[in-house]
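Here is the structure we will look at.
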Amino acid sequence: MHIGIDVGGTNTDAVLMDGDVLVDKIKNPTTDDVTSGIIACINTLNGSKPDNTHIEAVMLGTTHFVNALLQRKELAPSAALRLCLPATTMLPPLVDWPSDLKDSIGGHTYMASGGHEYDGREISPIDENELREIARKMNGEGVRSVSISGVFSTVDDSHEKIAADIIKSETPDMNITLSSEIGRIGILERENAAMLNACLVEVAAKTVAAIQAAMASSGLDVPLFFSQNDGTLMQSEFAAQYPVFTIASGPTNSMRGAAFLSGVLDAVIIDIGGTSTDGGMLIHGFPREAIVAVDVAGVRTNFRMPDVFSIALGGGSLIKQNPFMIGPESVGFRLVEDGIVFGGEKLTATDIAVASGIAEVGNPDLVTNIDSSFAEDTINEIQKRVEDVIDQLKISSQPVPVVLVGGGSILVKNSFEGASDILRPSNADVANAIGAAIAQVGGQVEKVYSLTDMSRSEALRLAKDEAINKAIEAGGDPKSIEIVDIEEIPLAYLPSNALRIKIKAVGDLNKPK
Amino acid sequence: MIYMWNVSEDDLESIAIGAGILGTGGGGNPYIGMLRAKQLIRKNGPVQVLSPEELDENDLIVCVGGIGAPTVGIEKVRDKQSYYALKAIEDFTGKKATAIISNEIGGSNSVEPLIPASLAGLPVVDADGMGRAFPEVQMKTFFVYGIPPYPMAVCDEKGNTALITEALDGKWVERMARAVTIQMGAVACYALAPMSAHQIQTTAVLNTLSLAKNLGHAVRVARTANEDPIQALLKVHAGKVLFQGKIIDVDRQTTAGFARGQVVIEGMNKYESDKLTIEFQNENLIARLNSEIICIVPDLICIVDTERGEPITTELLRYGFRVTVLGFPAPELWKTPEGLATAGPAAFGYDVEYEDLQLM
């Protein structure tokens, strides 16, 4: 059995899953220290499992690390080291960071020799003495964590690795993050992502250790996994080194959990809350990724993040008659006090849904004076707006199943243009925790290959092998690993042979021996 | 009217949007170029912009631009290559430049002249050699109207310089410069043929930096005021809405350095029952309403996000986007027989006649 846990801003939810079956679920308030709330959930579920069964693994999705960034709390004094000279100097590391975040980690930046061209040639060789001097300098400045970013390390990561060895030998206690292990092409964005990771490794190590210790003291000696942004898992030792991969796991887990509860792999997931409607698209069970740069705590990065589309429409959205408006203002969580059906005085989308007869909440007698044709027009407009979100999320004009979750989903009827099916799963309140519990492990590669010395099929094979190896390293059962996504993009304006390949492999977790 | 302005950090935000629109789907994203120019302007102060009419007979204007693959440029970010190229041309000709002009206002090359201008303390001229984006070096109005495409200096960031001192024509310059660029690591810059005030006034597309700034500014103002960015754009630059709808199909293949393909847009609102197909080769080249051509290169076909007025480059096109397709007339210099021979439909392999957008 697996325990899946989701640590949200308000609640820590947990589920006990026996394969595909939900055995038990629990909600506890999220605690300040995060860990005690997690432990309370684990202990309850561990106690409630049937006698002849045992827990095989605990899967955790958490927003703890992104909160550390947002609050500029517990961040390690960190340095960004770029291997690039004499190229790529005009925009130094951290150039586009918010100044308060930069200040909170010390703002140390260095540029040194090294890095590669797009076709794998060196820009310049690594200079060992230069790096030793930088290591000593960083140490003297109190830096405890460093990100190393080589130009085109997505083509060749050897310089980043050599630089890491040199720094490690000079300053053995330094935490090191390599950009080639974090992001994809785009030096500024990848370097930024590596730097966010660098400043989070201390708090990550602390958190992981605390949870592991608490699990051990509860007699639960099983592997601990963390959910990643892309919907796959990583072992806790990896999470301690790569906390940045967890920061968008929330929406991903929620979408995957909702789809799982509905029994679909390809679907549009629509979550209608009190203030907003958020939607995402799952393709073969994984979220469609955003293609533009993603802002994390004010820093531009190029992580693989789920593409989430939001509009200001929810159960608490205020309805105005003249001029006619739905939202964007909302009473939010105060709906149960301010909404007319609940005895309040503000006309909300929920009141309209009750007046029109599609929803049954609160006291319907309080909305009998709402003009029925106005109610109907408003409901039709809400339906149309949600339909529009669905359409923007789809990848083609083919109809797809639509999964509706969230308290505000009572606002919409079961008929959408372009939807093959409308699903409203039960237990959607713990979709995030379920999404964590059912996750597989994966490996992703995105690199530019020069085809002067190798064929296209050879490049593809190399990329595939690397993705599969990454999935095995992450704890995957080699027999179950399959390639789920391949994309090839030749480089434009470059009539020589260079190809960008993007591959993703996923597989089931190894069974414990 | 004679006037002058300075490029401020805030102007760069506007120029990036406007240059993206004039990029007609290609030209590379101006974001990184904007950051580079910002760094320099912050340090050295605003860059002065000269109206082409302000130039006098003593002026010597050098054209600069970036050459290479935009995808490589986001990894190995350009440094001072265009400044080195400017210096190389000055050394070779033995004459000092008094102002810089952009080769291409569409996309990332719109801001490239600001780098050498800031470093050398020179003004930029409010004009360029295309009035839009085109994929190859020879596709500049200067060369169509008799300016020789050499001498040309191509520089990398390491200190390498290649000089092209003579060539049969612009296409040869393109071939040689492209080959050198690949060896230099695919993000080089070049400087070209110093020109006189009169040559700029007669062979360049005029007032295009102002145009890019004004287009971008209009979009930003409209967004803040919750007004329609499309109407705001059309108030700045005379053009027309060709179509409005949502993208229902994108088909792309990349061959020999060109992102070729087509995008199909299904009509919305007053275009409800129609379909628009746009064929692109890095830039958008032909727009067909149902099967009839309604806009064709060198006229500008610009795809923007209907709600935000944000330009959408060909690599970002995908199903579901709500877009408005705008047509802007090409600069007159492109519409002559000589202009069309260099950058008309035939130059891109289309066996169709150019039809003037303004007459359609």
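The values are calculated or read from the model by the stated rules, or taken from the named source; none is laboratory data. Note that the structure is predicted; figures quoted are calculated from it, not measured. Here Cβ is always computed from backbone atoms with ideal geometry, including for glycine, and neighbour counts include all displayed protein chains. For accessibility, only protein heavy atoms count, side chains too; no ligands or nucleic acids. Shrake-Rupley method; radii C 1.70, N 1.55, O 1.52, S 1.80 Å.
For A:ILE438, A:ILE105, the ranking by accessible surface with the largest value first comes to A:ILE438, A:ILE105, using a 1.4 Å probe. In this structure A:LYS394 has an accessible area near 10 Å², from a 1.4 Å probe over the protein heavy atoms. Across segment A:346-356, computed HN-Hα scalar couplings (Karplus, 6.51 cos²θ - 1.76 cosθ + 1.60, θ = phi - 60°) run 9, 7, 10, 4, 5, 4, 5, 4, 5, 4, 7 Hz from first to last residue, x flagging Gly and Pro. Express the carbon and sulfur contribution to the solvent-accessible surface of chain A as a percent, rounded to the nearest whole number, probe 1.4 angstrom. C and S fraction of accessible area: 49 percent.
Comparing A:THR177, A:SER104, A:SER153 along the charge dipole axis of segment A:70-184, the residue lying farthest to the positive side is A:SER104, per the Cβ-charge model. Semi-axes of the equivalent ellipsoid for segment B:214-360, computed as √(5λ) from the eigenvalues of its C-alpha gyration tensor and ordered from largest down, come to 24, 19, 15 Å.
In segment A:176-197, comparing the full protein assembly with the chain on its own, the residues that lose 30 Å² or more of accessible surface at a 1.4 Å probe are A:ILE185, A:ILE187, A:LEU188. For the Cα trace of segment A:368-418, dividing Rg by the Kirkwood Rh returns an Rg/Rh value of 1.04. Burial annotation for segment A:59-106: residues with an accessible-area loss of at least 20 Å² between the isolated chain and the complete set of protein chains, computed on heavy atoms with a 1.4 Å probe, are A:PRO86, A:ALA87, A:THR88, A:MET90, A:LEU91, A:VAL95, A:ASP96. When only the Cβ of Lys, Arg, Asp and Glu is charged (+1, +1, -1, -1), the dipole of the protein assembly as shown relative to its Cα centre reaches about 960 debye.
Can you list, largest first and rounded to whole Å, the semi-axes you get for segment B:67-202 by taking the square root of 5 times each eigenvalue of its Cα gyration tensor? Before the final figure, lay out the partial values.
Details: eigenvalues 78, 56, 49 Å².
They are 20, 17, 16 Å, listed largest first.
Per residue, the accessible area of segment A:87-227 comes to 35 Å², computed with a 1.4 Å probe over protein heavy atoms only. Here the alpha carbons of segment A:337-391 define both size measures, Rg and Dmax, at 11.6, 36 Å. Accessible area per residue for segment A:234-318 is 30 Å², calculated with a 1.4 Å probe on protein heavy atoms, without ligands, DNA or RNA.
Work out the length of the dipole vector of chain A about its Cα centre, built from +1 on the beta-carbon of each Lys and Arg and -1 on the beta-carbon of each Asp and Glu, and round it to the nearest 20 debye. Before the final figure, lay out the partial values.
On the way: 40 positive and 69 negative charges, 97 e Å.
My answer is approximately 460 debye.
Within the straight-line cut-off of under 24 Å between alpha carbons, the lysines reachable from A:LYS504 are A:LYS161, A:LYS394, A:LYS447, A:LYS464, A:LYS470, A:LYS479, sequence neighbours fewer than 8 places apart in one chain being disregarded. Place +1 on the Cβ of every Lys and Arg and -1 on the Cβ of every Asp and Glu in the protein assembly as shown, take the dipole about the Cα centre, and give the residue among A:CYS41, B:ASN103, A:SER276 whose Cα lies farthest towards its positive end. Result: B:ASN103, furthest along the dipole toward the positive end. For chain B, the 222 nm mean residue ellipticity estimated from helices alone, with every DSSP H stretch of n ≥ 4 adding -39500 (n - 2.57) and the total spread over all residues, rounds to -9000 deg cm²/dmol. Counting only DSSP H runs of at least 4 residues, each contributing -39500 (n - 2.57), and dividing by the residue count of chain A, the helix-based mean residue ellipticity at 222 nm comes to -10000 deg cm²/dmol.
Relative contact order, whole percent, for chain A stands at 14, derived from Cα pairs under 8 Å and 6 or more residues apart.
Projecting the Cα positions of B:LEU340, B:LEU317, B:GLN358 onto the charge dipole of segment B:306-360 (unit charges on Cβ atoms of Lys, Arg, Asp and Glu, taken about the Cα centre) puts B:LEU317 furthest along the positive direction. Residues of segment B:144-187 that lose at least 50 Å² of accessible area (1.4 Å probe, protein heavy atoms only) when the other protein chains are present, relative to their chain alone, are B:LYS158, B:ILE182. Placing +1 on the Cβ of every Lys and Arg and -1 on the Cβ of every Asp and Glu, with no other charges, gives segment A:1-146 a dipole of roughly 360 debye about its Cα centre.
Relative contact order for segment B:2-148: 33 percent, from Cα pairs under 8 Å spaced at least 6 residues apart, divided by residue count.
Taking Cα pairs under 8 Å and at least six residues apart, what relative contact order does chain B come out at, in percent? Show your work: numbers first, answer last.
Details: 871 pairs, mean separation 69.3, N = 360.
Rounded, it is 19 percent for chain B.
Rolled with a 1.4 Å probe across the full set of protein chains, the surface gives A:ARG300 an accessible area near 70 Å².
What does the average come to when, for each residue of peptide A:328-339, you count the partner chain Cβ atoms lying within 10 Å of its Cβ? The per-residue average across the peptide is 0.
Kirkwood radius and radius of gyration were both taken over the C-alpha atoms of chain A, and their ratio Rg/Rh is 1.01. Spin-label pair B:GLU166-B:ARG252: with each label point 7 Å from Cα along the Cα-Cβ axis, the two points sit 4.2 nm from one another. Take the accessible area of chain B alone and of chain A alone, subtract that of the pair, and you get about 3700 Å² summed over both chains, using a 1.4 Å probe.
Taking all protein chains in place and a 1.4 Å probe, what share, in percent, of the accessible surface of segment B:77-227 do carbon and sulfur account for?
Details: 2540 of 4930 Å².
Here carbon and sulfur together make up 52 percent of the probe-accessible area.
What are the GluC sites (Glu not before Pro) within segment A:267-366 that DSSP puts in a loop, where the Cβ has at most 16 other Cβ atoms within 10 Å? Within segment A:267-366, the qualifying GluC sites (Glu not before Pro) (loop, at most 16 other Cβ atoms within 10 Å) are A:GLU345, A:GLU360.
Taken over the alpha carbons of segment B:243-304 as equal point scatterers, the Debye sum produces base-10 log I(q)/I(0) values at 0.12, 0.21, 0.27, 0.28 Å⁻¹ of -0.28, -0.81, -1.18, -1.23. The ratio of the alpha-carbon radius of gyration of segment A:85-228 to the globular-protein estimate 2.2 N^0.38 Å is 1.16. Its alpha carbons give segment B:172-240 an Rg and a Dmax of 18.7, 49 Å.
Residue by residue through B:72-84, how many Cβ atoms from other chains fall within 10 Å of the Cβ on average? List each step's numbers first, then the result.
Details: counts 11, 4, 7, 19, 11, 11, 4, 7, 2, 2, 0, 0, 0.
Mean partner shielding for this stretch: 6.
Could you order B:MET4, A:MET90 by accessible surface area, starting with the largest, using a probe radius of 1.4 Å? Kindly include the intermediate steps, with their values, before the conclusion.
Details: B:MET4 100, A:MET90 25 Å².
The ordering from most to least exposed comes out as B:MET4, A:MET90.
Shape index of the protein assembly as shown: Rg/Rh, with Rg the Cα radius of gyration and Rh the Kirkwood radius from the inverse mean 1/r over Cα pairs, equals 0.99. Calculated from the alpha-carbon coordinates, segment B:1-100 shows an Rg and a Dmax of 15.0, 42 Å respectively. Ranking B:THR93, A:THR350 from most to least accessible surface, computed with a 1.4 Å probe over the protein chains only, gives B:THR93, A:THR350.
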